[in-house]
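Quick notes on the structure that follows.
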Amino acid sequence: MTLHRKFAAVAVGAFALTAAGQAFAQTEIQWWHAMGGKLGEKVESIAAGFNASQGDYKVVPVYKGNYTETMTGAIAAFRAKKQPHIVQVFEVGTASMMAAKGAIYPVYQLMKDAGAEFDPSAYLPSVTGYYTDTDGNMLSMPFNSSTPVLYYNKTAFAKAGLDPNTPPKTWPEMGEFSKKLQAAGIACGFTTGWQSWVQIENFSAWHNVPIGTKENGFAGLDTEFKINSPLHVKHIGQLAEWQKSKIFDYGGRRSDSAPKFYNQECAMYMNSSAALAGIKANAKDFEFGVGMLPYWPDVAGAPQNSIIGGATLWVLTGHKKAEYKGVAAFFNYLSSAEVQADWHQFTGYLPITTAAYELSKKQGFYEKNPGADVSIKQMTLNKPTPNSKGLRFGNFVQIRDIINEELEAIWAGKKSAQEGLDAAVSRGNDLLRKFEKENS
Amino acid sequence: MIKRVTFKHKWLPYALLAPQLLITLVFFIWPASQALYYSVLQQDAFGLRVDFVAFDNFAYLFSDPTYLESFEITIMFSVSVALMSLSFALILAVMADRVIKGATAYKTLLIWPYAVAPAIAGVLWYFLFNPAVGINAWILRAWFGYDWNHTLNGTDAMLLIVIAAAWKQISYNFLFFLAGLQAIPRSLIEAAAIDGASPLKRFWTIVFPLLSPTTFFLVVVNIVYAFFDTFGTIHATTRGGPYGATNTLVYKVFNDGFIGLDLGGSAAQSVVLMVIVITLTVVQFRYIERRVEY
């Protein structure tokens, strides 16, 4: 046998082996996700747990970069007919996913077709509300959801003569407390991460005022923004006023302002409940506490409930029926109380089912980690209204950029709160109309 | 005297050109034609529905005041980047050309930044100037009393991305300038020195004019770099903010297309960008090249 032939024989043998192997293999389910670092390892261990729990299916998690990269990657794959079964999509991509009717396999439908056990009422309504259609059907599977809370520096509070166990409850108190903190030598009162999400979107839900018409876009694509209402203008105007004396200090669009809280430049910080782990790791020289978001006391019905951010798992069409059975089985495993409670306690994301919350309580997690349940209390404070169910706007990734731009112009004093918010509304509406045209 | 070569076979010149033509076709002409095609369409992200909309995408662009502002921003950014990277590179090259001891070490060190990816360069400078923890921001505040804040101040943000984008390009320009300098006959400079011309005078009357082909080439390359290759730097630092102060044309293309998934609008923008760069290059070759002495 020549060397060539030998090589060919080996190759054929290897091919036959893999082919045979595939025939007996479990059904593989591709799961594209955006969880890097520690969170990514946790995702791997969830998949491994599911794979070990049964023998028919094998979930293969694939890290695809950040949220935007994962979503655009999955969409490009769909166009090339190479899409994964499950893709993790962040909340601002919800409207785009929902509008892609032929591309997504709604979760309620999937569970029904697969004959899997599925009780939508087991999930926290304020979480699933974001991802249900107007008939109350769940379209995607909640995975990692968080909500903004108020972190405060207890050590600085004590130094300023404030009670370290009483965070400010209202916006006027935010101002008073900040002034006292500044008098005690702290450079800035408070800062915020993700300003559009915290100071506009959650602010609206928390005060039970609409972000946009048509139930914040849930009831139709012909929605328009409402974020230039007198209450919004008052709030943003107050923050702009405070920016001058550094009662409020802007620190960037995403979580760029976190170091201001870590190095005690700012004594209070509003950001996602999932920022808890980072704060724990970085708040070395001070004690910190967690409080609910402040509200304006003169607004009737405030505080209502806050809304979520984070991501859900969407199922894409175009695969075999048997494979979707595996997806359904995996979703059942994923929402079991044990898996959820573990995920919630490890990451600071919300538990998506009431059972997981109860289990965490029973395990004494909240006693050991004070403040970890503020997010859940805030989410479940009241039954969600059409204003506080969530939001669903097309092109929202770009619209958030517009809101960011206009807010920055307001903080810098280039525009008044009214001018900036009016501009955000009119520019945002243009993009909503564009989305409506593309999808109706 | 240029040597003329004639081929006996008719197909040979085409065959020799073919690889280059193929590359141009696959990597330049084909994508450009796709951009043109997409720019007249409007489609949802998944490509489930595609509508022909003629020039709607363009009409929308030019009715958007922020898009027009983005032109001014881009011009300011590109000119600043080109000026800054060229002038620093020239100074460094002239210095390195005069160094006798350890010249290779200097040169190697000066070339290093070119190996840094644009996004990394951006993050590096972003961190140095971070208002909360950056050492440069701290120095500015402590020594000069300047409250640097690129998250809020548009001028600061623009300066930041100009520095980050230019810093990387200095190495590239440095290499070319140094090669250009070394090609200048020593005898010319020595003769001028004997005639009593000061180093500065020698530079402006002999070296600088003789460098003009290099300078011209670098101006073209730098402008194209600033126009096209800087979205990574911007994405890793300011993301076009604050209030659009660093939203250059190419960043908008990237952001609308790959983040916002608005393929039609993004394609229309890249067509506009294509037209601008073609015009710029033609202008540069027509009017500026005439004044270059080879």
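Regarding the range A:107-129, can at least one residue be identified that is touching a residue at least 12 places away in the same chain (Cβ under 8 Å), within 14 Å of chain B (Cβ to nearest Cβ) and either crowded, with 22+ Cβ neighbours inside 10 Å or part of a strand (DSSP E or B) (or both)? Within the range A:107-129, none of the residues are touching a residue at least 12 places away in the same chain (Cβ under 8 Å), within 14 Å of chain B (Cβ to nearest Cβ) and either crowded, with 22+ Cβ neighbours inside 10 Å or part of a strand (DSSP E or B) (or both).
Taking the range A:201-226 as the search range and keeping residues that are among the β-branched types (V, I, T) and buried (at least 24 other Cβ atoms within 10 Å of the Cβ), which one is nearest to A:N387 (Cα to Cα)?
A:I211
Residues that are without any contact (Cβ under 8 Å) to a residue 60 or more places away in the chain and within 25 Å of the chain's Cα centre (by Cα): does the range B:7-20 have at least one? Checked the range B:7-20: at least one residue is without any contact (Cβ under 8 Å) to a residue 60 or more places away in the chain and within 25 Å of the chain's Cα centre (by Cα). The helices (runs of 4 or more DSSP H) found wholly in the range A:203-319 and carrying at least 2 residues that are within 14 Å of chain B (Cβ to nearest Cβ) occupy A:230-245, A:258-262.
Among all residues of the range B:97-104, there is none that is acidic (D, E), part of a helix (DSSP H, G or I) and within 13 Å of another protein chain (Cβ to nearest Cβ).
For the range B:37-75, a residue qualifies if it is assigned to a helix (DSSP H, G or I), surrounded by 14 or more Cβ atoms within 10 Å (Cβ to Cβ) and more than 12 Å from chain A (Cβ to nearest Cβ), and the qualifying residues are B:Y38, B:F58, B:I73, B:T74, B:I75. Residues that are surrounded by fewer than 15 Cβ atoms within 10 Å (Cβ to Cβ) and among the aromatic types (F, W, Y) within the range B:130-145 comprise B:W143, B:F144, listed in sequence order. Within the range B:213-244, being at pLDDT 90 or above and of a type in the set (G, A, S) holds for one residue alone: B:A226. Remark: pairs (first residue in the range A:67-88, over 22 Å from A:E44 (Cβ atoms); second residue of a type outside the set (S, T, N, Q) and in a loop (DSSP other than H, G, I, E, B); Cβ separation under 6 Å; 6+ apart in sequence or on different chains) = A:I75/B:A45; A:I75/B:F46; A:F78/A:A103; A:F78/B:F46; A:R79/B:G47. Residues in the range B:161-172 include at least one that is modelled with pLDDT under 90 and in a helix (DSSP H, G or I). Being in contact with a Leu (Cβ under 8 Å, 6 or more places away or on another chain) and of a type in the set (D, E) is the filter here, so list the residues in the range B:234-287 that pass it. Passing the criteria: none in range.
Residues are listed down the side, and each one gets a yes or a no for (1) facing another protein chain (nearest Cβ under 10 Å); (2) in a helix (DSSP H, G or I):
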| residue | (1), (2) |
| --- | --- |
| A:G371 | no, no |
| A:K377 | no, yes |
| A:N387 | no, no |
| A:F393 | no, no |
| A:V397 | yes, yes |
| A:I402 | yes, yes |
| A:D430 | yes, yes |
| A:E438 | yes, yes |
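The criterion of being buried (at least 16 other Cβ atoms within 10 Å of the Cβ), more than 14 Å from chain A (Cβ to nearest Cβ) and part of a helix (DSSP H, G or I) does not hold for B:I234. For A:T312, the criteria (1) among the hydroxyl-bearing types (S, T, Y); (2) modelled with pLDDT under 95; (3) in the same structural domain as A:A258 (by TED's automatic domain parsing) hold in every case but one, which is (3).
The criterion of being in a loop (DSSP other than H, G, I, E, B) and among the polar types (S, T, N, Q) does not hold for B:T215.
Does A:G364 satisfy the condition of being farther than 19 Å from A:Y152 by Cα and either surrounded by fewer than 18 Cβ atoms within 10 Å (Cβ to Cβ) or modelled with pLDDT under 90 (or both)?
yes
Of the residues making up the range B:76-92, just one is among the β-branched types (V, I, T) and surrounded by 16 or more Cβ atoms within 10 Å (Cβ to Cβ), namely B:V81.
The values are calculated or read from the model by the stated rules, or taken from the named source; none is laboratory data. These numbers come from a predicted model, not from an experiment. Cβ sites come from the backbone with ideal geometry, for glycine too, and all protein chains shown count toward neighbours.
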